[in-house]
Amino acid sequence: MLECCLVHLLVWSINFWPQKFLIMPHHYPNLSFCAVCGKPQGPRRRKMLKLMLACCKVYISESRNKSALESIERAAKLFPEAAVVNKFEDVTYNRVGYTVVSKLAPQPSPDSCPLKSTVFSMVKAAFENIDLEMHSGSHPRLGVVDHICFHPLSCTSLDQVAGIAKSFAAEVGSGLQVPTFVYGAAHEEGRTLDLIRRELGYFKPNSVGNQWTGGPKSEALPMHPDEGPAQMTQAKGVIVIGATRWVDNYNVPIFSTNVAAVRRIAKRVSGRGGGLPSVQAMALAYGEDVTEVACNLLEPNKVGGDKVQLEVERLAREEGMAVGKGYYTDLSQEQIIESYMKLNSFI
């Protein structure tokens, strides 16, 4: 702890930024923290880093049907080894994201994994309680359960969570009869999420006002799924499942209804458009007066939300638009680990 504090005090003395002393993101009285950086220290931190943990982010196309969400959350409690450590609801987008975490065995088996069992239970409940044909929102989606991604935490490897993701995709495809596409480390060629989404028409609104309404217009698919049936139903759609290193999601509100102009900004922010490397961005209508630049940060340690914020502000000034403060849609990796440890009394 002393070594950590000396380093941070040196940085503080150079930058003279006393606000750092006030940044305490985690307020758990039974944890010991560095007074400067706010990170847990000593034996507890070492224990955190030695745990074999995996995280799964589950994105479901619903946030207005409280009964459906309650059913999904009840299903998540059937396996006490896993825990939902964060829930991010967005009524405007009509979308919810759950962050589920579990310990893994020293030699994790994809066939016996509390994380996989918990997420499968949640997905099953979602399909039983949500009809995509009744859904509408301003966020794109491909199915009732739109996207699931497994991430390694602590000392777990990407290969280990990729094995879980592949096994999970096979179970969803065959057991729930949903066309299932895999990406990242779960795919033998490392296919990317955005490639699948472009092929399936994810980014094109199917209704007026930049909205996505109802199920798919055709049950035929332009590409063959990796698991499950070759055709989708309008009530379920398809599901995309992957395994990757950590990804942050960061959204920046722009106070404008000119979606076309915000699309230009999103394109220039993204790595694909010649902007910030490892950043994917799209423009989404958000309510009556706002359009958001919604970003995936594929290498958040290199390009984080602060850089995205500054670049969006710079580009928006060129368009004569005002920008609000951006926000993350999930906790950081360290917050997730700490929350899981607290919930499961590992400390």
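Values as computed for the structure displayed
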{"read-out": "Residue within region 147-168 that is out of contact with any Pro (no Cβ under 9 Å at 6 or more places or on another chain), farther than 22 Å from GLU81 by Cβ and buried (at least 22 other Cβ atoms within 10 Å of the Cβ) present", "value": "yes"}
{"read-out": "Residue among VAL123, VAL101, VAL119 that alone is among the aliphatic types (A, V, I, L, M), buried (at least 23 other Cβ atoms within 10 Å of the Cβ), over 22 Å from GLY143 (Cβ atoms) and in contact with a strand residue (DSSP E or B) (Cβ under 6 Å, 6 or more places away or on another chain)", "value": "VAL101"}
{"read-out": "Failed condition for ILE241, given (1) in the same structural domain as LEU200 (by TED's automatic domain parsing); (2) without any contact (Cβ under 8 Å) to a residue 60 or more places away in the chain; (3) buried (at least 22 other Cβ atoms within 10 Å of the Cβ)", "value": "(2)"}
{"read-out": "Test: residue in region 73-88 that is basic (Lys, Arg), modelled with pLDDT of 95 or more and part of a strand (DSSP E or B)", "value": "yes"}
{"read-out": "Checking GLY173 against (1) surrounded by fewer than 21 Cβ atoms within 10 Å (Cβ to Cβ); (2) assigned to a helix (DSSP H, G or I), the condition it does not meet", "value": "(1)"}
{"read-out": "Residue in region 269-285 that is farther than 21 Å from VAL182 by Cα, surrounded by fewer than 17 Cβ atoms within 10 Å (Cβ to Cβ) and not small (Gly, Ala, Ser) present", "value": "yes"}
{"read-out": "Of residues in region 176-210 being of a type in the set (Val, Ile, Thr) and closer than 16 Å to VAL145 by Cα, the one surrounded by the most Cβ atoms within 10 Å (Cβ to Cβ)", "value": "VAL182"}
{"read-out": "Count of region 95-124 residues which are hydroxyl-bearing (Ser, Thr, Tyr) and under 12 Å from GLU73 (Cα atoms)", "value": "4"}
{"read-out": "Selection from region 111-151 of residues that are of a type in the set (S, T, N, Q) and modelled with pLDDT of 95 or more", "value": "SER117, THR118, SER121, ASN129, SER136, SER138"}
{"read-out": "Residue within region 211-229 that is surrounded by fewer than 13 Cβ atoms within 10 Å (Cβ to Cβ) and either among the polar types (S, T, N, Q) or touching a residue at least 60 places away in the same chain (Cβ under 8 Å) (or both) present", "value": "yes"}
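Residue-wise test of (1) part of a loop (DSSP other than H, G, I, E, B); (2) touching a residue at least 12 places away in the same chain (Cβ under 8 Å); (3) of a type in the set (Lys, Arg); (4) in contact with a strand residue (DSSP E or B) (Cβ under 8 Å, 6 or more places away or on another chain).
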{"residue": "VAL303", "(1), (2), (3), (4)": "yes, yes, no, yes"}
{"residue": "LYS307", "(1), (2), (3), (4)": "no, yes, yes, no"}
{"residue": "LEU315", "(1), (2), (3), (4)": "no, yes, no, no"}
{"residue": "ILE336", "(1), (2), (3), (4)": "no, yes, no, yes"}
{"residue": "SER339", "(1), (2), (3), (4)": "no, yes, no, yes"}
{"residue": "LYS342", "(1), (2), (3), (4)": "no, yes, yes, no"}
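The values are calculated or read from the model by the stated rules, or taken from the named source; none is laboratory data. For clarity, every value in this text was computed on a predicted model and none was experimentally measured. Because the Cβ atoms are built from the backbone with ideal geometry, glycine has one as well, and the counts that use them run over all protein chains shown.
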